[in-house]
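The values are calculated or read from the model by the stated rules, or taken from the named source; none is laboratory data. These figures come from a predicted structure and were not determined experimentally. When we count neighbours, we look across all protein chains shown, and the Cβ atoms used for this are built from the backbone with ideal geometry, even at glycine.
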Amino acid sequence: MCETHSLTASKGHRVCSGGMRVSSSWRWQLSQAMRLVLRWCRRQRGGGASDRLWELWTYSKVLLKSLYFNSLSNSDTLLDCAFEPVYWTVDNVTRWFGVVFVCLVTLLTSSVVVIVYLFVLPTILSTYPYYWILWHLCCGHWLLIMVVFHYYKATTTSAGHPPKDKVNFPSVSVCKKCVSPKPPRTHHCSVCSVCVLKMDHHCPWLNNCVGHFNHRYFFSFCVYMTLGCVYCSVSSRDLFLDAYSSVEGYYQTAPPDFTPRESTAHKSIIFLWVLTSSVAVALGGLTLWHAMLISRGETSVERHINRKEAKRLKEKGKVFRNPHHHGRMNNWRLLLGVQRTSHWVTRVLMPSTHPPSGDGIMWDYTFTRRDPMAI
Ligand SMILES: [Zn+2]
Ligand SMILES: [Zn+2]
């Protein structure tokens, strides 16, 4: 910026370069216009008030430059500063709405469970053969336990933060908000106002950051919640069709004579089917997106960074290689903590509190798909 201004002054015309062209152009034009106006005023009045006005203008200009000037200042920095109040508002709203969202998830899940126990399960018990009853009881309760367990753990487990008391750990940069070193894969969460190890994203539905220590809980919750919604939606489909045709009859000239319990059942089953089907589609899409990221050994944040880096290297004729991608299956084993075959049952299909591999600070870049791993 300094260079741009000096060139501008010495040559008497606009000389800009790169990204500075647009941002410095309008400032230069404004500055020139103000200078001409003040010179004209000074000539007209011969000093006095216009001199003081000139001094004030020069002082204001120096003050303004001193507030934002450094060698890295550009239009992006200025835009960031201008939008800082907007970011602050969004972050605070997200922080406070997190509590509301957690209550909403708990309330809606509880309402679905109550409707299933009151209206769906009695129908299954009274009309289905015993082997279907057994399957529904086992599958339904297994999904319920897995959803509740993983949601509780994802919400209450800290994603992990860089140590405050230690300084001798590998870092790739310094966080400008925390003014502390950042280990690889660590990013600052503006909602939580803290750096998060292997940060994926801030989830308002959990009111928590998703990072190194709760990534598995978050993903398992998404999977089991989707499966639970698909299960409820498919199981209550026939009941929904019956309830829907019954509700249509409410608006006929001679409405059918339903008891209050039957009317409540119809409305509850319609609510259950619409809610579980919608969540199954929306959360299913999100779960597939995260499954794709895990297969590639990336977090949501790294997805954007790696794409930019791949593009930048491609322009130079080079190929980007993600150092955290250890092969599709090994990425899954690392996330799920599967070290033995039996772990697929005890750690994936059953509730498990085992910690993730590694501390989220040191990362093994030498681990490859040829390294010995249990299948
Ligand atoms: Zn930070
Ligand atoms: Zn956060």
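Miscellaneous remarks
- Val338 passes every criterion in (1) surrounded by 13 or more Cβ atoms within 10 Å (Cβ to Cβ); (2) in a helix (DSSP H, G or I) apart from (2).
- Test for Val114: is it part of a helix (DSSP H, G or I), farther than 21 Å from Leu349 by Cα and either within 16 Å of ligand 2 (Cβ to nearest atom) or in contact with a Cys (Cβ under 9 Å, 6 or more places away or on another chain) (or both): no
- Residue match in segment 183-203 (condition: away from ligand 1 (no atom under 16 Å from the Cβ) and closer than 23 Å to Val99 by Cα): yes
Results for (1) at pLDDT below 95; (2) in a helix (DSSP H, G or I), shown as yes or no for each residue.
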{"residue": "Ser50", "(1), (2)": "yes, yes"}
{"residue": "Leu53", "(1), (2)": "yes, yes"}
{"residue": "Ser71", "(1), (2)": "yes, no"}
{"residue": "Asp76", "(1), (2)": "yes, yes"}
{"residue": "Pro85", "(1), (2)": "yes, yes"}
{"residue": "Val147", "(1), (2)": "no, yes"}
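- Flag for Thr109 being of a type in the set (Ser, Thr, Tyr), more than 25 Å from the chain's Cα centre (by Cα), surrounded by 12 or more Cβ atoms within 10 Å (Cβ to Cβ) and in the same structural domain as Ser268 (by TED's automatic domain parsing): no
- Some residue of segment 283-298 being among the polar types (S, T, N, Q) and either surrounded by 13 or more Cβ atoms within 10 Å (Cβ to Cβ) or at positive phi (or both): yes
- Selection of segment 166-177 for residues being within 9 Å of ligand 1 (Cβ to nearest atom) and either among the aromatic types (Phe, Trp, Tyr) or more than 20 Å from Trp363 (Cβ to Cβ) (or both) yields Lys176, Lys177.
- Residue pairs whose Cβ atoms lie under 6 Å apart, sitting 6 or more positions apart in sequence or on different chains, and linking a residue in segment 229-244 that is not assigned by TED's automatic domain parsing to the domain that holds Ile145 to a partner that is at pLDDT 90 or above, do not occur here.
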